[in-house]
Structures are given as C-alpha cells and as structure tokens.
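Encoded as structure tokens, here's the structure I'll be asking about.
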Amino acid sequence: MANFIQEFKDFAMRGNVMDMAVGVIIGGAFGKIITSLVDDVLMPAIGMLTGNVDFTNLVCKIGDGEEAAVLKYGQFIQNIVDFLIVALCIFCVVKAINAATKKKEEPAPEPEAPAGPTQEELLAEIRDLLAKK
C-alpha cells in the first residue's frame, strides 16, 4: 500500500499533471468568458439580424398521446450555432495570442560561418605542396 501511495504521489507531482491541472482551471474560466461573450454580446446582435428567430422551440412529435417521442431538433440547431460561434471566438483569440507571441520569439539571425579558403587558394596550396616534394 505504501508503494502505491508513493507512486501516486510521484504521478501527481509530475510537471505534466500540474500543467494540465492549471490548464483545465484556466480553460474553465476562459470558457465562462467565451460563453458570456456569446450569450450576452453576440447572440443578441445575431438575434436582431435574424429577426429574433428562436430555434429552441422547433420540435417534431413522433407518435400520439403521452407516449409520443419529441425530437427537439431546434435545440440541436441552436447548440450547433452556439458551438460554431464559440469555436470562432476561441480561434480568433488563439490566433491573436499566437501572433503576439510570435513577434516576441523571433530568433536572432545566426552568425555567419567563418569563411574558409577559396577553391583557388586550396588548389594553390596543393600545388605548392606537390612542388616541394
């Protein structure tokens, strides 16, 4: 049992797990920001452009009476639209962050390699060595 606890402690304290935990926490908070952006800023504007169409009320009933199945395809369409808007927002934010960090991380130009002797100099050197023999 002590070995199991030690292995778990080693696993939990490994850098990758801690980085992932921080990423999940920040991702959750970032998700709230994006959800607020979609629900409070973008969807009202899109609603105005589409004439306040509400897809969530679109349903299709299959069968009669109390045993009828209700397919809420309107809610499904609304969730797809929400997902696409959230995905677009996240893409734009990530693209902006990548562009900002790319400018900072441009590597310095590599120093030029020292110039070696030219082909003519090498041939002249070989000629001189052959002449000495």
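The values are calculated or read from the model by the stated rules, or taken from the named source; none is laboratory data. Keep in mind that what you see is a predicted model, and the values were worked out from it rather than measured. We place every Cβ from the backbone using ideal geometry, glycine too, and count neighbours over all the protein chains shown. Just so you know, the surface numbers come from the protein's heavy atoms only, side chains and all, with ligands and any DNA or RNA stripped out. Shrake-Rupley method; radii C 1.70, N 1.55, O 1.52, S 1.80 Å.
With over 24 Å from VAL38 (Cα atoms), out of contact with any Gly (no Cβ under 6 Å at 6 or more places or on another chain) and open to solvent by 100 Å² or more (accessible area, probe 1.4 Å) as the only criterion, which of LYS61, LYS72 stands out?
Going through LYS61, LYS72 in turn, just one is over 24 Å from VAL38 (Cα atoms), out of contact with any Gly (no Cβ under 6 Å at 6 or more places or on another chain) and open to solvent by 100 Å² or more (accessible area, probe 1.4 Å): LYS61.
Residue-by-condition table, conditions (1) open to solvent by 100 Å² or more (accessible area, probe 1.4 Å); (2) closer than 29 Å to VAL59 by Cβ:
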| residue | (1), (2) |
| --- | --- |
| PHE76 | yes, yes |
| VAL93 | no, no |
| ALA108 | no, no |
| GLY116 | no, no |
| LEU122 | no, no |
| LEU130 | yes, no |
